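Have a look at the structure below before the remarks.
The values are calculated or read from the model by the stated rules, or taken from the named source; none is laboratory data. Computed from a predicted structure; not experimentally measured. With ideal geometry, Cβ positions are generated from the backbone for all residues, glycine too; neighbour counts draw on all protein chains shown.
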Amino acid sequence: MGLDFIRLTAPTHRKSWDRSKIELATPDLLTRHPECKTRSVIAVIDQGYELPKDTKVAVCVRDKQLIVVRENTVVGRVAEPPPDIYKAIDNSGEVALGRIAKVNHLSGTVDVDFTQNNSAAPNAAP
């Protein structure tokens, strides 16, 4: 009777996986707000370069602006990036992966999306 009473009244202790490891391993660049899973900027493409849709690029911080890099070549710039995107990229090693979401031929610009699931790194080094 004594052992049954102890088992019924004692607080339970159950082993479980460390849930903090999962949280630390989850990429969270630009996802501080759940409603903003994808963010984008408009980059002006340099003369002589063409970026097709869905091209993976690196976006780097340089001199208070963002530069778009593809295969070791600077191909575009964002002169005045939104402060939250600039700060997020600057705080995460000054490089983020992006994808060309839309090409605007008339204006010579592209929309670069930053998503949480950009897993394939382009061959880019600024």
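Only one of these conditions is not met by Tyr86: (1) under 19 Å from the mean Cα position of the chain (by Cα); (2) more than 15 Å from Arg39 (Cα to Cα); (3) not in a strand (DSSP E or B). Which number is it?
Every listed condition holds for Tyr86 apart from (2).
How many of the residues making up region 53-72 are touching a residue at least 24 places away in the same chain (Cβ under 8 Å) and either aromatic (Phe, Trp, Tyr) or surrounded by fewer than 15 Cβ atoms within 10 Å (Cβ to Cβ) (or both)?
Restricting attention to region 53-72, the residues satisfying the condition of being touching a residue at least 24 places away in the same chain (Cβ under 8 Å) are 53-62, 66-72.
Okay, now just the ones that are also either aromatic (Phe, Trp, Tyr) or surrounded by fewer than 15 Cβ atoms within 10 Å (Cβ to Cβ) (or both), so 53-54, 62, 71-72.
Here the count works out to 5.
Limited to region 73-87, what total is found for residues that are surrounded by fewer than 17 Cβ atoms within 10 Å (Cβ to Cβ) and farther than 16 Å from Val44 by Cα?
Qualifying residue count, region 73-87: 3.
Within region 90-97, does at least one residue satisfy the condition of being modelled with pLDDT of 90 or more and closer than 17 Å to Leu51 by Cβ?
yes
Select, from Asn104, Asn91, the only residue that is over 19 Å from the mean Cα position of the chain (by Cα) and surrounded by fewer than 17 Cβ atoms within 10 Å (Cβ to Cβ). I'd like the intermediate steps shown before the answer.
Values: Asn91 fails: over 19 Å from the mean Cα position of the chain (by Cα).
Step by step, each of Asn104, Asn91 is checked, and only Asn104 is over 19 Å from the mean Cα position of the chain (by Cα) and surrounded by fewer than 17 Cβ atoms within 10 Å (Cβ to Cβ).
Could you look through region 1-52, keep only residues that are of a type in the set (S, T, N, Q) and either touching a Pro at 6+ places or on another chain (Cβ under 6 Å) or surrounded by 10 or more Cβ atoms within 10 Å (Cβ to Cβ) (or both), and pick out the one that is modelled with the lowest pLDDT?
Our first condition is that a residue be of a type in the set (S, T, N, Q); within region 1-52, this holds for 9, 12, 16, 20, 26, 31, 38, 40, 47.
With either touching a Pro at 6+ places or on another chain (Cβ under 6 Å) or surrounded by 10 or more Cβ atoms within 10 Å (Cβ to Cβ) (or both) added as a condition, the list becomes 31, 38, 40.
Values: Thr31: 56, Thr38: 72, Ser40: 87.
Result: Thr31.
Go through region 51-83 and report how many residues are within 16 Å of the chain's Cα centre (by Cα) and either over 20 Å from Asn104 (Cα atoms) or part of a loop (DSSP other than H, G, I, E, B) (or both). Walk me through it before giving the result.
Residues of region 51-83 within 16 Å of the chain's Cα centre (by Cα): 54-61, 66-69, 81-83.
Still in the running and either over 20 Å from Asn104 (Cα atoms) or part of a loop (DSSP other than H, G, I, E, B) (or both): 54-55, 60-61, 81-83.
Here the count works out to 7.
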